[in-house]
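This report concerns only the one structure given below.
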Amino acid sequence: MPTNLQVVLARRPGPGPLTSDCFALREAALAEPADGQIRVKIAYVSLDPAMRGWVNDTRSYMPPVGIGEVMRAYSAGHVEASRHPDFKEGDAVQSVLGVQQYAVVKGSGRVIKVDTAKAPLERWVGGLGMPGWTAYFGLLEVGQPKEGETVVVSAASGAVGSVVGQIAKIKGCRAVGIAGGPDKCRYVTDVLGFDACIDYKAGNIAARLAEACPNGIDVNFENVGGDILDQILPRMNTFGRVAICGLISGYNATEPMPGPSTFRAILTQRLTVRGLIVTDWAPRIREAVAQLGEWHAGAKLKIREDVRTGGLGAFVETLNLLYTGGNNGKLVLKV
Ligand SMILES: NC(=O)c1ccc[n+]([C@@H]2O[C@H](COP(=O)([O-])OP(=O)(O)OC[C@H]3O[C@@H](n4cnc5c(N)ncnc54)[C@H](OP(=O)(O)O)[C@@H]3O)[C@@H](O)[C@H]2O)c1
């Protein structure tokens, strides 16, 4: 009987980095699609920092993955069997399909057909997929950048950050990245075209920010939080915008993370600080797909993936690379 290898949540993790005993590999029977459904053979699973939060049973923006359930993930693959008129065998698609070899899902609008002639399949869960949509809506809708302004983005060489800085450049802004180590910083400036990149691991972030942002900071796209956010807030210009997209420095924290010690700048500079979740723009995802695709085709948007080949059994160890900066670009697991 054909089977489907799945990564399921075996137990709730405590605080700290995820360990492999929180998950189990399960061989389930391969289901046939019912009327209106499709079966997708998954080729790439997107590994996202948010996965750390999705397994915690705490109040969040979506319910936690249940014990015994397939781990939630954006994935991309090909339709293998279809009982939906809009999808045919061989279509390349991406959606929330889980960490597994096959997914049987409703052929709804949440399943997006992608064009692999325009970009490789794995890119459609990276810069052209959810991380790209996050950068697009987060920067343009929350950050509201205007020509000539300075945009600072942390985790700048990664999936979301790399797209944020490039959109900032497209919009005529000064783009300043923050990333870990000289290689990532060189990539951010020399390949992605940011105006400057600060290596936070080299220390003295405040002085480096002052050098890189001589006119202050108008938009901060925050992916990291902690000390980096602390150093940014006092350099924000009056009526600046802070888009809180992620706080990855705290995802594996064993104690509650303190708020910014420079919180006072929000008052004195009358900052707008707004959290964002990409699904807030769910009805407009196709707009982001089209615009990002156009910029990518016009070579205005460079994207890289870090594809790991360890397979589903390497899910946890590969995911954990994100929290130590072990990835170079969008982290993807090949199935
Ligand atoms: N709100 C939303 O809807 C949404 C959607 C997607 C992603 N996000 C958030 O966006 C952020 C970036 O996600 P991504 O998928 O683009 O990941 P990514 O940037 O490709 O990878 C994560 C990067 O975070 C950096 N990092 C990890 N721990 C750090 C620490 N303690 N201090 C400083 N930097 C650290 C590392 O880069 P360095 O080597 O440069 O340190 C690492 O490579 C995450 O916070 C994520 O949760 C939010």
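Any read-out appearing in this document is the output of simple, stated calculations on the displayed coordinates, not a laboratory observation. Since the structure is predicted, the reported quantities are computational estimates derived from the model, not experimental observations. So basically every Cβ, Gly included, is an ideal-geometry build from the backbone, and we count neighbours across all protein chains shown.
Restricting the GluC sites (Glu not before Pro) of the stretch 126-231 to loop positions (DSSP other than H, G, I, E, B) with no more than 12 neighbouring Cβ atoms within 10 Å leaves E147. Apply the a/c threshold of 1.5 to the C-alpha gyration tensor of the chain and tell me whether it is rounded, prolate or oblate. It is prolate, given that a/c is not under 1.5 and a/b is the larger ratio.
Rounded to the nearest 10 degrees, the angle from helix 159-170 to the longest Cα principal axis of the chain is 50 degrees.
According to the Cα-based calculation, Rg over Rh for the stretch 130-279 is 0.93, with Rh computed by the Kirkwood formula.
Counting only DSSP beta bridges with both residues in the stretch 177-335, what percent are antiparallel, rounded to the nearest 5? Counting DSSP beta bridges with both partners in the stretch 177-335, the antiparallel share is about 0 percent. The distance linking the stretch 27-51 with the stretch 205-278 is 37 Å (Cα centroid to Cα centroid, whole angstrom).
So, R0 is 22 Å and r is the distance between the beta-carbons of I266 and R59; what FRET efficiency does that work out to, to 0.05? Efficiency, rounded to the nearest 0.05: 0.40. Between the beta carbons of R186 and E89, assuming R0 = 56 Å, the FRET efficiency works out to 0.80 to the nearest 0.05.
Checking the cross-link pairs K88/K171; K113/K302; K184/K334 against a 31 Å limit on the alpha carbon distance flags K88/K171 as lying beyond it.
Oblate is the label for the stretch 122-209, because a/c, from the alpha-carbon gyration tensor with a ≥ b ≥ c as root eigenvalues, is 1.5 or above and a/b does not exceed b/c.
Where both residues lie in the chain, what percent of DSSP beta bridges are antiparallel, nearest 5? That works out to approximately 55 percent antiparallel. Looking at the square roots a ≥ b ≥ c of the eigenvalues of the Cα gyration tensor of the stretch 266-335, which shape do they give, rounded for a/c under 1.5, prolate if a/b is larger than b/c, or oblate? Cα axes put the stretch 266-335 in the oblate bin.
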